[in-house]
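Q: Here's a structure for you.
The values are calculated or read from the model by the stated rules, or taken from the named source; none is laboratory data. Only a predicted model underlies this, so the values are computations on that prediction, with no experimental measurement involved. Cβ placement follows ideal geometry from the backbone for every residue including glycine, while neighbour counts extend to all protein chains displayed.
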Amino acid sequence: MDWAKWQSLPQLHGISPRVLQELLDGGQSFRWNRLPEKMDLWQGVFGKVVIQIQQQADGEVYFRQPVGEEADIAIFQYFGAEVDWDGIVNKLPWRSDAYLQECIEKFTGLRILRQPFGETLFGFLCSTAKQITQIKQCCEQVAKAFGPELIKGVYGWPDWNVLAEVPEADLRKCKLGYRAKYIAAVSRILAKDPQFEQKVLNSDYEPARQLLMSLPGVGEKVADCVLLFGAGKLEAFPVDTWMIKVMSRIYQLENWDSGKVAHFGRVHFGSAAGLAQQFLFARERQISV
DNA sequence: AGGCAGGTGGCCA
DNA sequence: TGGCCACCTGCC
């Protein structure tokens, strides 16, 4: 297998290596890895796309695909080519929120990936009470065991139709633990309801969220992650333990439960609350190290 | 070595 | 509605 030539990825122009890492491996997606032999090279999988990304010394970012593959359009969409990120960031309330402003400055160029719906839902079904490295292992193992081999040794996410046929016991072998039950149930529901994805994508935030939360294993946090990273709904504001920590400290929301914090976030940050969440989240993880 | 982890669902007052 | 706990298990 050969790789085609490097192409410019102008969507990521000027991004720092640190922010690139946060974008690819900060918990939005679970299918990006640095190659062990070349640590400055990222390899990712989404849908049927296998892609490598490398940043040159001048800061310019390039990507390449296997020879014969031309998923340029899908790749540009994944990185939000059609989205006016500067405009959206500018609409966040940074003028009146010094801490948000600080986070934005420290992670300039951070944005929201537009990932395929199904595998985003799958990834966050795996994510409960797990750390990123473990979630990635689950996704990797499930892809390897049940997914299509896209190129030699690289596997894509198996569709719900495929997963619906997999016994729960076999899913458990992929380190899923109790989450296997949810994956099994959700895959059976969605295999029978091919319109589910479209219904979520076509609905406004609130009804879309309710629809997702009707699935077993999907609560407020998982639903918001799926809406944000896999359905383009930037107003979704996922609240996890990190968010509880930052929000209670910065906005004095002591002892607020996650539902209240999420509501506060959506009101305070507005129509792109989810983007603000990523800035605060990235900064919080950086501080904690 | 053992507690805990980027939640959710169910049960109880 | 609000609080608590089991659920699995690999990793720090």
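Q: Please report, ordered by residue number, the helices (runs of 4 or more DSSP H) entirely within the range A:210-269 with at least 2 residues that are aromatic (Phe, Trp, Tyr) and either assigned by TED's automatic domain parsing to the domain that holds residue A:181 or modelled with pLDDT of 95 or more (or both).
A: Numbers: elements: A:220-230, A:241-250, A:258-269.
Hits in the range A:210-269: A:258-269.
Q: Sticking with this structure for a sec: Of all the residues that make up the range A:49-78, how many are touching a strand residue (DSSP E or B) at 6+ places or on another chain (Cβ under 9 Å) and either outside the structural domain of residue A:24 (by TED's automatic domain parsing) or outside any strand (DSSP E or B) (or both)? Talk me through it step by step, then tell me what you get.
A: Filtering the range A:49-78 for residues touching a strand residue (DSSP E or B) at 6+ places or on another chain (Cβ under 9 Å) gives A:49-56, A:60-67, A:69, A:71-72, A:74-75, A:78.
Of the ones still in play, those that are also either outside the structural domain of residue A:24 (by TED's automatic domain parsing) or outside any strand (DSSP E or B) (or both) are A:56, A:60, A:65, A:67, A:69, A:71-72, A:74-75, A:78.
Qualifying residue count for the region: 10.
Q: For the range A:246-261, state whether one or more residues are within 21 Å of the chain's Cα centre (by Cα) and of a type in the set (D, E, K, R).
A: No - not one qualifying residue is present in the range A:246-261.
Q: Checking residue A:233 against (1) over 21 Å from residue A:27 (Cα atoms); (2) among the charged types (D, E, K, R); (3) more than 14 Å from DNA strand C (Cβ to nearest atom), only one condition comes out false. Which one?
A: If we test residue A:233 against (1) over 21 Å from residue A:27 (Cα atoms); (2) among the charged types (D, E, K, R); (3) more than 14 Å from DNA strand C (Cβ to nearest atom), just (1) comes out false.
Q: Same structure again: Could you check residue A:193 against (1) outside the structural domain of residue A:170 (by TED's automatic domain parsing); (2) away from DNA strand B (no atom under 11 Å from the Cβ) and say which number it fails?
A: Of the numbered conditions (1) outside the structural domain of residue A:170 (by TED's automatic domain parsing); (2) away from DNA strand B (no atom under 11 Å from the Cβ), the odd one out for residue A:193 is (1).
Q: List every residue pair whose Cβ atoms sit under 7 Å apart, with the two residues 6 or more apart in sequence or on different chains, where the first one lies in the range A:229-257 and is without any contact (Cβ under 8 Å) to a residue 12 or more places away in the chain and the second, anywhere, is away from DNA strand B (no atom under 16 Å from the Cβ) and assigned to a helix (DSSP H, G or I).
A: So the pair list comes out as A:253/A:264.
Q: Another one. (1) within 16 Å of DNA strand B (Cβ to nearest atom); (2) more than 24 Å from residue A:32 (Cβ to Cβ); (3) surrounded by 15 or more Cβ atoms within 10 Å (Cβ to Cβ): which one isn't true of residue A:178, the others all being true?
A: (3)
Q: Would you mind telling me which numbered condition in (1) surrounded by fewer than 18 Cβ atoms within 10 Å (Cβ to Cβ); (2) within 19 Å of residue A:264 (Cα to Cα); (3) not aliphatic (A, V, I, L, M) residue A:237 fails?
A: Of (1) surrounded by fewer than 18 Cβ atoms within 10 Å (Cβ to Cβ); (2) within 19 Å of residue A:264 (Cα to Cα); (3) not aliphatic (A, V, I, L, M), only one is false for residue A:237: (1).
Q: Would you pick out the residues in the range A:177-202 that are more than 14 Å from residue A:138 (Cα to Cα), of a type in the set (Gly, Ala, Ser) and not in a helix (DSSP H, G or I)?
A: none
Q: Just to be sure I understand, how many residues within the range A:258-289 are in contact (Cβ under 8 Å) with a residue 12 or more places away in the chain, within 16 Å of DNA strand C (Cβ to nearest atom) and of a type in the set (D, E, K, R)?
A: 1
Q: Looking at A:232, A:270, can you tell me which residue is among the small types (Gly, Ala, Ser) and in contact with a Pro (Cβ under 8 Å, 6 or more places away or on another chain)? Spell out how you get there, then give the answer.
A: Working: A:232 fails: in contact with a Pro (Cβ under 8 Å, 6 or more places away or on another chain).
Only one candidate passes the filter, namely A:270.
Q: Name the residue, out of A:171, A:163, that is in contact with a helix residue (DSSP H, G or I) (Cβ under 7 Å, 6 or more places away or on another chain), away from DNA strand C (no atom under 14 Å from the Cβ) and either under 19 Å from residue A:224 (Cβ atoms) or not aromatic (Phe, Trp, Tyr) (or both). Walk me through it before giving the result.
A: Values: A:171 fails: away from DNA strand C (no atom under 14 Å from the Cβ).
Just one listed residue meets the conditions, A:163.
Q: Which of the residues spanning the range A:1-36 are part of a loop (DSSP other than H, G, I, E, B) and within 15 Å of DNA strand B (Cβ to nearest atom)? So that I can check it myself, show each step before the final result.
A: Quick first cut of the range A:1-36, residues part of a loop (DSSP other than H, G, I, E, B) only: A:1-2, A:4-6, A:9, A:13-16, A:26-31, A:36.
Of everything in the range A:1-36, those that are part of a loop (DSSP other than H, G, I, E, B) and within 15 Å of DNA strand B (Cβ to nearest atom) turn out to be A:26, A:27, A:28, A:29, A:30, A:31.
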